[in-house]
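What follows is one structure encoded as structure tokens, with my remarks underneath.
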Amino acid sequence: MTRFNFVNLFAKSLNAHKDWPEQWPDAAPKPAYDAIIVGGGGHGLAAAYYLAKKYGIRNVAVLEKGWIGGGNTGRNTTIIRSNYLYDESAFLYDHAVKLWDGLSKELNYNVMYSKRGVMMLAHNVHDVQSFKRHIHANRLNGVDNEWLSAEEAKAYCPPLSIDPGARHPVLGAALQRRGGTARHDSVAWGYARAAAALGVDIIQNCAVTAIHRGADGAVTGVDTTRGPIRSKRIGVSAAGNSSVLMAMAGLSFPLESYPLQALVSEPVKPIFPCVVMSNTVHAYMSQSDKGELVIGAGTDQYVSYSQRGALHIIEHTLAAINEIFPIFSRMRMLRTWGGIVDVTPDRSPIIGKTPVPGLYVNCGWGTGGFKATPGAGDLLAHTMAKDEPHSINAAYHLDRFRNGRLIDEAAAAAVAH
Ligand code: FAD
Ligand code: PYC
């Protein structure tokens with residue numbers, strides 16, 4: 001804990017506000033921070049790191065209501081890939097995959113990025129046609145993706161059953177070899193340590209409860225459970241809770257929050273060499289370095305802010321896993337948990353400026369934002385530092401829900417919604 005600037009930061013925020021906020025925001029003196037990031041998940045911590053590293057904005061506070069990485073960053077199944085359909089998505093997700101490549105070195109912290117390949121199983125004619133369309137589109141954008149026959153898929157992942165009599169027979173698969181996994185908490189801790197070393201303050205147990213705006217409409221600071229903090233530049237990166245935060249600034253966002261669940265088995269010796277996703281049956285699996293089979297499910301059918309989900313959802317997932325991998329039918333499950341994902345109508349994120357001056361947002365990653373962590377942080381930092389989006393995130397503006405320029409990635413999201 002002492003490696004982060006906890007003591008400094010707390011003294012700083014208390015002193016900076018002792019004569020405040022009676023007539024706030026008009027009476028507010030000099031901003032305490034050049035930038036505030038709300039949300040200490042991987043995305044928020046990465047944004048703080050890149051603000052400090054690339055743009056020299058080091059007087060930054062990351063405000064986290066719980067502990068860093070305790071949200072979706074620490075709850076996901078860590079699948080990394082960039083095999084999305086549209087051009088905008090290829091640029092966005094591949095930007096992140098490229099950053100993953102050098103991340104352990106960049107942070108001097110082993111994030112255990114493992115390019116073991118992500119294989120998406122096709123179980124019916126629609127899957128085959130859709131995956132082949134993705135493969136062609138990906139390759140036109142320089143993103144690797146290739147078609148495997150059922151036999152080739154089994155050779156790549158021997159535990160896979162390709163029994164043609166199965167309820168969900170495997171007709172083939174799309175393989176992205178650069179896809180893989182990383183260690184989720186290392187990503188949060190790696191960015192946090194590197195950001196703190198550059199001067200960023202990371203404040204845990206500090207929930208933002210209000211966002212204040214001045215007479216000109218621009219942001220002036222936040223209220224938190226540990227007192228008010230001023231800043232004229234606020235980035236919200238609070239997955240699952242984004243619409244609540246945006247409402248604090250008077251904005252209505254097109255987001256719905258759902259629980260998404262995952263579970264792990266007892267640990268076993270290395271047996272599962274890659275990542276397999278089966279979108280049709282709502283199951284995906286890999287094996288962690290500790291030996292646990294890491295299994296993920298689809299979202300619940302009802303909106304909720306609960307970090308746990310319905311039992312029937314994971315029962316369905318395990319039934320599907322048993323059919324695709326009968327070899328695992330006697331495995332015991334150790335733990336199950338849920339996270340809250342915020343989902344946009346087109347299943348693509350919103351990253352950019354908001355109608356409120358000084359307020360920036362990174363949200364709506366739904367079931368698929370872990371893979372984007374370095375890229376999302378980099379793009380949010382760019383947008384906050386320059387007060388304009390990077391060319392990669394320009395298309396991900398809130399306006400697309402008004403002007404109709406949607407980026408419909410429901411198929412590539414790969415998880416049942
Ligand atoms: P988070 O890590 O959730 O960080 C947001 C933080 O904001 C939280 O720590 C939260 O406590 C904080 N916060 C919220 N409100 C406030 C407030 N008022 N004040 C202060 N702080 C606040 N994606 C993939 O790419 N691949 C996968 O395999 C994958 N699997 C998933 C499996 C599951 C079960 C789940 C739940 C998600 C999965 N995802 C996956 C999605 C992925 O986890 C998320 O999109 C990504 O981690 C979001 O990162 P983040 O940093 O934005 O969010
Ligand atoms: O986006 O690849 C993904 C994913 C897998 C599981 C949940 N999300």
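The values are calculated or read from the model by the stated rules, or taken from the named source; none is laboratory data. Predicted, not measured: the structure shown is a model, and the values here were computed from it. No Cβ is skipped: glycine too gets one built from the backbone with ideal geometry, and neighbour counts run over all protein chains shown.
Across the range 103-112, what is the number of residues that are more than 16 Å from ligand 1 (Cβ to nearest atom) and either of a type in the set (S, T, N, Q) or farther than 15 Å from Gly377 by Cα (or both)?
Step one: filter the range 103-112 for residues more than 16 Å from ligand 1 (Cβ to nearest atom), giving 104-106, 108-110.
Filter once more, so that each one left must be either of a type in the set (S, T, N, Q) or farther than 15 Å from Gly377 by Cα (or both): 104-105, 108-110.
Count: 5.
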Requested in this report: For Ala320, work out the one condition from (1) modelled with pLDDT under 95; (2) within 24 Å of the chain's Cα centre (by Cα); (3) more than 18 Å from Thr78 (Cα to Cα) it doesn't fulfil.
Outcome: (2)
Query raised in the report: Which ones in the range 222-244 are more than 15 Å from Ile37 (Cα to Cα), of a type outside the set (Gly, Ala, Ser) and touching a residue at least 60 places away in the same chain (Cβ under 8 Å)?
Result: Thr225, Arg226
Query raised in the report: Could you list, in sequence order, the residues of the range 371-389 that are crowded, with 21+ Cβ neighbours inside 10 Å, within 24 Å of Pro345 (Cβ to Cβ) and away from ligand 2 (no atom under 16 Å from the Cβ)?
Result: Leu379, Leu380, Thr383
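Conditions (1) under 14 Å from the mean Cα position of the chain (by Cα); (2) near ligand 1 (Cβ under 7 Å from one of its atoms), marked per residue:
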residue	(1), (2)
Ala46	yes, no
Tyr50	no, no
Trp67	no, no
Arg75	yes, yes
Arg81	yes, no
Leu92	yes, no
Requested in this report: Test each condition in (1) within 18 Å of the chain's Cα centre (by Cα); (2) surrounded by fewer than 16 Cβ atoms within 10 Å (Cβ to Cβ) for Gln261 and report the one that comes out false.
Outcome: (2)
Query raised in the report: What single numbered condition from (1) in contact with a His (Cβ under 8 Å, 6 or more places away or on another chain); (2) closer than 22 Å to Phe131 by Cβ fails to hold for Val275?
Result: (1)
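Condition check: within 12 Å of ligand 1 (Cβ to nearest atom) and either among the acidic types (Asp, Glu) or in contact (Cβ under 8 Å) with a residue 12 or more places away in the chain (or both). Does Gly352 satisfy that?
Against the criterion (within 12 Å of ligand 1 (Cβ to nearest atom) and either among the acidic types (Asp, Glu) or in contact (Cβ under 8 Å) with a residue 12 or more places away in the chain (or both)), Gly352 does not qualify.
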Report summary line: In the range 163-182, anything more than 11 Å from ligand 1 (Cβ to nearest atom) and either of a type in the set (Val, Ile, Thr) or surrounded by fewer than 19 Cβ atoms within 10 Å (Cβ to Cβ) (or both) is listed as Asp163, Pro164, Gly165, Ala166, Arg167, His168, Pro169, Val170, Leu171, Arg177
Query raised in the report: How many residues are among the polar types (S, T, N, Q) and more than 26 Å from the chain's Cα centre (by Cα) if we restrict to the range 116-160?
Result: 3
Query raised in the report: When you scan the range 210-233, how many residues do you find that are more than 11 Å from ligand 1 (Cβ to nearest atom) and either at negative phi or touching a strand residue (DSSP E or B) at 6+ places or on another chain (Cβ under 8 Å) (or both)?
Result: 15
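Condition check: under 24 Å from Gly41 (Cβ atoms) and of a type in the set (S, T, N, Q). Does Ser252 satisfy that?
Values: under 24 Å from Gly41 (Cβ atoms): yes; of a type in the set (S, T, N, Q): yes.
Taking the combined requirement at face value, the residue satisfies it.
Can you tell me which of Ala320, Ala394, Ala413 is in contact (Cβ under 8 Å) with a residue 60 or more places away in the chain and farther than 23 Å from Glu292 by Cβ? It would help to see each step written out before you state the result.
Values: Ala320 fails: farther than 23 Å from Glu292 by Cβ; Ala394 fails: in contact (Cβ under 8 Å) with a residue 60 or more places away in the chain.
The unique qualifying residue is Ala413.
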Requested in this report: Determine which single condition Ala247 fails, assuming it passes every other condition in (1) in contact (Cβ under 8 Å) with a residue 24 or more places away in the chain; (2) within 13 Å of ligand 1 (Cβ to nearest atom).
Outcome: (1)
Report task. Output the qualifying pairs, or none if there are none: Cβ atoms under 9 angstrom, residues six or more apart or on different chains, first residue in the range 364-379 and farther than 24 Å from Asn279 by Cα, second residue more than 8 Å from ligand 1 (Cβ to nearest atom) and of a type in the set (Lys, Arg). Result -> Pro374/Lys98; Gly375/Lys98; Asp378/Lys54
Query raised in the report: In the range 190-199, is there at least one residue being aromatic (Phe, Trp, Tyr), touching a residue at least 40 places away in the same chain (Cβ under 8 Å) and touching a helix residue (DSSP H, G or I) at 6+ places or on another chain (Cβ under 8 Å)?
Result: yes
Report task. May I ask you to list the residues in the range 342-370 that are out of contact with any Pro (no Cβ under 8 Å at 6 or more places or on another chain), of a type outside the set (S, T, N, Q) and either within 16 Å of ligand 2 (Cβ to nearest atom) or assigned to a loop (DSSP other than H, G, I, E, B) (or both)? Result -> Asp342, Val343, Asp346, Arg347, Pro349, Pro355, Val356, Pro357, Gly358, Gly368, Phe370
Report task. Return the only residue of Gly117, Gly42 being small (Gly, Ala, Ser), closer than 21 Å to Lys371 by Cβ, crowded, with 24+ Cβ neighbours inside 10 Å and within 16 Å of ligand 2 (Cβ to nearest atom). Result -> Gly42
